Amino acid sequence: MGEFTINKEKVLQALSTVEEPDLKKDLVTLGMIQDIEVGVNQVRFTVVLTTPACPLKELIKRNCEAAIHEHLSPDVEVVINLTANVTTSRHSGPLIPGVKNVIAISSGKGGVGKSTVTANLAMALHRSGAKVGIIDADISGPSIPIMFGAQDMQPTITPKDGKNYINPIRQYGIKMISIGFLTPPDSAVVWRGPMASQALKQFFGDTDWGELDYLLIDLPPGTSDIHLTLVQTVPVTGAVIVTTPQKVALADAIKGLAMFKQPQINVPILGIIENMAWFTPEELPDHQYFIFGKGGGQSLADKFDVPLLGQIPLVQGIREAGDEGRPAVMDTNPVVNDAFRDAAESLAQQVAIRNASREKTRAVEIQV
Ligand SMILES: Nc1ncnc2c1ncn2[C@@H]1O[C@H](COP(=O)(O)OP(=O)(O)OP(=O)(O)O)[C@@H](O)[C@H]1O
Ligand SMILES: [Mg+2]
């Protein structure tokens, strides 16, 4: 090494040659490098990722190490600490001030697996280290309480600043609220449009969400008052469209996409998740039977120039776990775990890209 000495400035210079692959800027410019320490033949620093679910974290780490070895010294030991500070799409407003990203999970057709996908994405994001919440916005057919085995739980109320706040239910590390927690299971309440919209507004405004990286909204199928209420009540980071590969589902998914893309709504589409992409028997995990058709999710994604975030197989265990009150990723089937983890990482990645590249969203103002 001779007279060449490593100092913090040289470390920063070396790391300024490393690009964040999604955001296309270098890590130093993006403010992602912190806590540089230079010791005897050792360099330590922290890389602050835009999400703990970053699918590129190992690549970024390797590239940092290579840059130090190339630009400073091949012999120095590089110790990298990875952390994350999830970026936000929101100007902090009066509602949900601690919630960084609101993500709508939507579909055109009913029964394609929105609630199942919401529950498992939430769990996968939570496992990556993110703080996650769910709003079950399906007021007339709530399924989140059952899928989390929480149907008998009741939220408590805490007065704060002269107002009563609902404390969300916390199950398996996820905060959640649903009309199912607030009404008796067999009650024959018919939620007409305005009442349902009012309930959704309360889920935002009257619930003490605290700090959340991702708040997932499990929407009812189709395009309804609830969808409008959602985009008018809070700034929505983006929407995920769930579809099966089947023609009828794809046709309806296009309507769902078109709704979010209307100029006066203008919610970015973060991507498409193809659910029930193929059938995989538990005892033959390598087999794929394309019972609802093949490639539908990809062709929809191509048509609208949005990413295909993931493909979830039809697996009996996914249905069983949901019925038994736990998201299937809590079980050990690797086919299921990998599919949801990949989809969750792709989603978190798209949120980070969106937050880096677009204006922050505002709630939509619509005169009705
Ligand atoms: N990938 C899958 N593999 C096996 N079963 C699945 C899968 N996805 C969903 N299911 C099952 O299909 C049924 C419908 O799923 P889910 O309730 O999540 O759909 P949804 O789109 O939320 O329906 P709705 O439109 O009624 O809200 C459930 O019984 C669920 O367990
Ligand atoms: Mg549902």
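Conditions (1) part of a helix (DSSP H, G or I); (2) crowded, with 22+ Cβ neighbours inside 10 Å; (3) at pLDDT 95 or above, marked per residue:
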position: Thr183; (1), (2), (3): no, no, no
position: Ser187; (1), (2), (3): no, no, no
position: Met195; (1), (2), (3): yes, no, no
position: Asp213; (1), (2), (3): no, yes, yes
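Would you call Ile135 part of a strand (DSSP E or B), within 15 Å of ligand 1 (Cβ to nearest atom) and touching a residue at least 40 places away in the same chain (Cβ under 8 Å)? It is true that Ile135 is part of a strand (DSSP E or B), within 15 Å of ligand 1 (Cβ to nearest atom) and touching a residue at least 40 places away in the same chain (Cβ under 8 Å).
Residue-by-condition table, conditions (1) within 23 Å of Ile217 (Cβ to Cβ); (2) surrounded by 17 or more Cβ atoms within 10 Å (Cβ to Cβ); (3) modelled with pLDDT of 90 or more:
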| position | (1), (2), (3) |
| --- | --- |
| Asp252 | yes, yes, yes |
| Ala258 | yes, no, yes |
| Trp278 | no, yes, yes |
| His287 | no, no, yes |
| Gly296 | no, yes, yes |
| Ala301 | yes, yes, yes |
| Gly310 | yes, yes, yes |
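Restrict the check to segment 278-296 and report whether at least one residue is closer than 30 Å to Thr29 by Cα and among the hydroxyl-bearing types (Ser, Thr, Tyr). No, there is no match, as no residue in segment 278-296 is closer than 30 Å to Thr29 by Cα and among the hydroxyl-bearing types (Ser, Thr, Tyr).
Here Gly149 meets each of (1) out of contact with any helix residue (DSSP H, G or I) (no Cβ under 9 Å at 6 or more places or on another chain); (2) part of a loop (DSSP other than H, G, I, E, B) with one exception, condition (1). Restricting attention to segment 89-130, the residues that are in the same structural domain as Lys175 (by TED's automatic domain parsing), away from ligand 2 (no atom under 16 Å from the Cβ) and among the hydroxyl-bearing types (Ser, Thr, Tyr) add up to 1.
Look at (1) in the same structural domain as Asn337 (by TED's automatic domain parsing); (2) among the hydrophobic types (A, V, I, L, M, F, W, C); (3) surrounded by fewer than 24 Cβ atoms within 10 Å (Cβ to Cβ) and you find that Ile144 fails only one, number (3).
Within segment 89-97, does at least one residue satisfy the condition of being among the polar types (S, T, N, Q) and either at pLDDT 95 or above or not in a loop (DSSP other than H, G, I, E, B) (or both)? No. Scanning segment 153-181 for residues that are part of a strand (DSSP E or B) and surrounded by fewer than 16 Cβ atoms within 10 Å (Cβ to Cβ) gives Ile157, Thr158, Pro159, Lys160, Lys163, Asn164, Arg170. When segment 237-271 is filtered for residues that are touching a residue at least 60 places away in the same chain (Cβ under 8 Å), β-branched (Val, Ile, Thr) and either over 14 Å from Lys303 (Cβ atoms) or not in a helix (DSSP H, G or I) (or both), the ones remaining, listed by number, are Thr237, Val240, Ile241, Val242, Thr243, Thr244, Val248, Ile265, Val267.
The values are calculated or read from the model by the stated rules, or taken from the named source; none is laboratory data. Note that this is a predicted model, so its numbers are computed, not measured. Note that each Cβ is placed from the backbone with ideal geometry, even for glycine, and that neighbours are counted across all protein chains shown.
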